[in-house]
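Below is one structure, written out as structure tokens; the observations come after it.
The values are calculated or read from the model by the stated rules, or taken from the named source; none is laboratory data. Everything numeric in this text was worked out from a predicted model, so none of it was measured. Using ideal geometry, Cβ is built from the backbone for each residue, glycine included, and neighbour counts are taken over all protein chains shown. Just so you know, the surface numbers come from the protein's heavy atoms only, side chains and all, with ligands and any DNA or RNA stripped out. Shrake-Rupley method; radii C 1.70, N 1.55, O 1.52, S 1.80 Å.
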Amino acid sequence: MRLTSCLLVGALCTVPIGVFAAAASPGPEAAPAGAEGLHLNWLDRNVNPTRDFFEFANGTWQKDNPIPPSYSRWGTFGILSKQNQEFIHQMLEEAAKSTQAQPGSDGQKIGDFYFSGMDEDAVNKAGIAPLQSEFKRIDDIESLKQLQTEIAHLQMIGVNALFGFGQMQDFKDSSRVIGAAFQGGLGLPDRDYYLKKDAKFVKVRAEYVQHIARMFELLGDSKDNAGWKAQKVMDIEMKLAKASMSNVEQRNPHAIYHVMTLVQLDKATPNFSWRDYFAAVGHPEITSINLAMPRFFRTMGMDLRGIPLSNWKTYLRWQLVDAFAPYLSQPFVDENFRMTTVLTGAKELLPRWQRVVGAEDNALGFAVGKMYVEKKFPPSSKAQVLDILHGIRAALKDDLETIPWMSPKTRAAAIKKLDLMQERIGYPDKWRDYSKLDIDRGPYVLNVMRANVFENDRELNKIGKPVDKNEWGMTPQTVNAYYDPSMNNINFPAGILQPPFFDPNAPAAVNYGAIGFVMGHEMTHGFDDQGSQFDSYGNLKNWWTKSDHRHFAKNVKCIAEQFSRYTVDGDLHVQGKLVTGEAIADLGGLKLAWIAFHASPAYKDAGTIDGFTPDQQFFLGAAHVWAMNIRPEESRRLITIDPHPPGIYRVNGTVANLPQFQQAFDVPKNSPMVNKHRCVIW
Ligand SMILES: [Zn+2]
């Protein structure tokens, strides 16, 4: 588990890295990416930029780019991801056809995985058969002890059974890798989906119970039985949800850090033997872990005895089919998608090839990534983006050196933290070794399962060993970026270093506004409400004087209050406290990129384009990063679970705090694009 802060929500950003490295949701989809450079055809010139800058910058783009039926949102990130998927698609097609690959090589695995996924006839013919032995294991449970062993087994094959177990860098000693157990076991996206009382959430819950029942029917239960069992599953998940911590609570690293010995663990988790559990996941040597959410584990332990064994078996059957339904025959795929529609509003299933590319990205992501960068990421790209990155680093250093309210002690610590912040561009120096993973031409679902086991083993094998500093938390083809507070590093995968984020042919103003903004964002994460609690070496250790921290906390509160005022889907407020870190990173990032642009040699040569000054081009480039259309269901889902503000407020909420923007567009003081109580962080 990690507190990785990334640019946009994605599998690695919302789900702690651990045994639930669950199947990636299929990536976003098609539409024209627009021309190079400044996208003047995205603008809606009927909108006044000083009234709604997001609409002005992206309004025509929004009209021209309706959400494709198979997507829940559609924007700059998604379009680029789709292009990457198309490129990877071609690579995988070729690999699947090739007869040259050595058995056991990455090439063989990449080709065979793809072949097994595309072999629709075989998948449909097999139905549920490949999972029969797994269902039998659950049927055979007769005791609490067996139940516990089965929970461990299911987690290892990739099933979200009750809780998660993985590894993390010890918050308080970042040189150590320790085990960590955290809350889990829910089929809906978050506890709020179980607990919120408003009508839309109540409806989702009703749909969810029906969905579980239909899955049981597909597994062979009668309609009556299936309905009864679905309710039992919901009862269990409701109990787990009530015991779970909220997303906002989890933002406090101290609240999710409770390293305990075996004796303490057993005491904290009634009716559960951690010694047996560690043996069952293949690590009997473990003697202490971080029990991240003690309240959850206390309740879970009591429920293990309080709830009849037969109901637990029903729950595990459900979690098993839920985990693998996307890789089974059509009726399971369709039923699974029916629930996706309820949760995200997507209207159509993605084409098969795209779902398989998504699954393969999850299973063999770095093997695919190695092929991807060989073809897609020339060394020259690296040099150019480093130039921009170093300009932004200099801007942040200058800011830390001159910010008026910081005492010399805090200032020195902050500068040291920035100096030691490592930057990584493109892809890892050392590639992941997949030699222990067996992939063949089918059944598809078993390839997925073996990949889950491989990944979970790989993660758990890190416990007790030195930190692998080469490892990346995102594959090279990912269109995203992240800051890792335990590593104190910033990471920009090759996937995001392309137009429209970075374009060697675009005006410098646009590159600084887009990729510069992204870089400044990640760097600022080291100094947001969460990152600022970790020191230069990635340890959770206070480096602030009391009065400096009080000053900082007041500024942070300003951001939380500002964003709490914004709403989506009519009535749903942004959770200011959930998005604080990301909103701080946006504000710091955009400001730093602006300063770096002004300090760059390119600024002197920058000229007006179609009447837009270089500063105006800079802010348009930034707004275009967040061009997006989104369905109301997806809006609600993201506002519940996503620590990032909605795209429109990432633009309007950020520029409203920047006098540089107000100057660039001559914004009057009483405009909605001016935050009356301007927030200043960095
Ligand atoms: Zn971020």
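Odds and ends about this structure:
- ³J(HN,Hα) computed for each position of the range 205-214 - Karplus, 6.51 cos²θ - 1.76 cosθ + 1.60, integer Hz, glycine/proline x: 5, 4, 4, 5, 5, 5, 5, 4, 4, 5
- A full extension of the chain between THR341 and ALA394 corresponds to an added length of 14.5 nm, given 0.36 nm per residue minus the alpha carbon distance.
- From most to least packed by mean Cβ count within 10 Å, the peptides 104-114, 292-302 give 104-114, 292-302.
- The range 164-203: trypsin sites (Lys or Arg not before Pro) in DSSP coil with no more than 11 other Cβ atoms inside 10 Å: LYS197
- More than 38 angstrom apart: percent of Cα pairs within the chain: 34
- Modelled this way, with points 7 Å down the Cα-to-C-beta line, the labels at ASP440 and LEU262 are 3.8 nm from one another.
- Sites GLN231 and HIS573, calculated FRET efficiency, Cβ-Cβ separation with R0 51 Å, nearest 0.05: 0.95
- Those trypsin sites (Lys or Arg not before Pro) in the range 299-362 that DSSP places in a loop and that have at most 12 other beta carbons within 10 Å: none
- By accessible area, using a 1.4 Å probe on protein heavy atoms only, the chain has 53% of its surface on carbon and sulfur.
- Gain upon complete extension [THR287, SER564; 0.36 nm per residue less C-alpha separation]: 95.4 nm
- The range 132-327: radius of gyration over Cα atoms, expressed as a fraction of 2.2 N^0.38 Å: 1.04
- Spacing of the two label points (7 Å from each Cα toward its C-beta) at GLN146 and SER380, in nm: 6.6
- Å² of accessible area per residue within the chain, as computed with a 1.4 Å probe and no ligands counted: 39
- Most to least accessible of MET238, MET91 (protein chains only, probe 1.4 Å): MET238, MET91
- Ratio Rg/Rh, restricted to the range 461-562 and using Cα atoms, in which Rh is the Kirkwood radius: 1.06
- LEU92 - accessible surface, heavy atoms, 1.4 Å probe, Å² rounded to 10: 0
- Adding -39500 (n - 2.57) for every DSSP H run of four residues or longer, then dividing by how many residues the chain holds, sets the calculated 222 nm ellipticity at -16500 deg cm²/dmol.
- Of CYS6, CYS558, the order by accessible heavy-atom surface (1.4 Å probe, DNA, RNA and ligands excluded), from most exposed downward, is CYS558, CYS6.
- Cα-Cα over 24 Å, subset of LYS347/LYS375; LYS172/LYS409; LYS242/LYS557; LYS196/LYS577: LYS347/LYS375; LYS242/LYS557
- Spatial offset of the range 148-213 relative to the range 272-289 amounts to 20 Å, using the alpha carbon center of each.
- Each of THR545, ASN555, GLY526 was scored by the projection of its Cα onto the charge dipole of the range 519-577, and the greatest displacement toward the positive side belongs to THR545; charges sit on the C-beta of Lys, Arg, Asp and Glu.
- R0 of 41 Å, Cβ-Cβ distance LYS125-GLU249: FRET efficiency to nearest 0.05: 0.30
- For the chain, the longest principal axis of the alpha carbon atoms and the long axis of helix 294-306 meet at an angle near 20°.
- Only beta bridges with both residues in the chain are counted; by DSSP, about 75 percent of them are antiparallel.
- Extension gain, GLN330 back to VAL467 (0.36 nm per residue minus Cα-Cα distance, nm): 45.1 nm
- Sparse packing (at most 11 other Cβ atoms within 10 Å of the Cβ) combined with a DSSP loop state is found for the following trypsin sites (Lys or Arg not before Pro) in the range 618-682: LYS669, LYS676.
- Helix axis angle, 408-420 relative to the chain longest principal axis, alpha carbon, degrees: 70
- Principal axis extents of the Cα atoms in the range 315-437, from largest to smallest and rounded to whole angstrom, are 64, 37, 32.
- Nearest-ten-degree value, helix 106-118 long axis tilted from longest Cα axis of the chain: 70
- Rounded to the nearest Hz, the phi-derived 3J(HN,Hα) couplings of the range 351-365 under the Karplus curve 6.51 cos²θ - 1.76 cosθ + 1.60 (θ = phi - 60°) are x, 4, 4, 6, 5, 5, 4, x, 5, 5, 4, 6, 7, 10, x, where x marks glycine and proline.
- For the range 479-499, the residues whose backbone nitrogen is under 20 Å from a point 7 Å from the Cα of GLU94, taken along Cα to Cβ, are 494-495.
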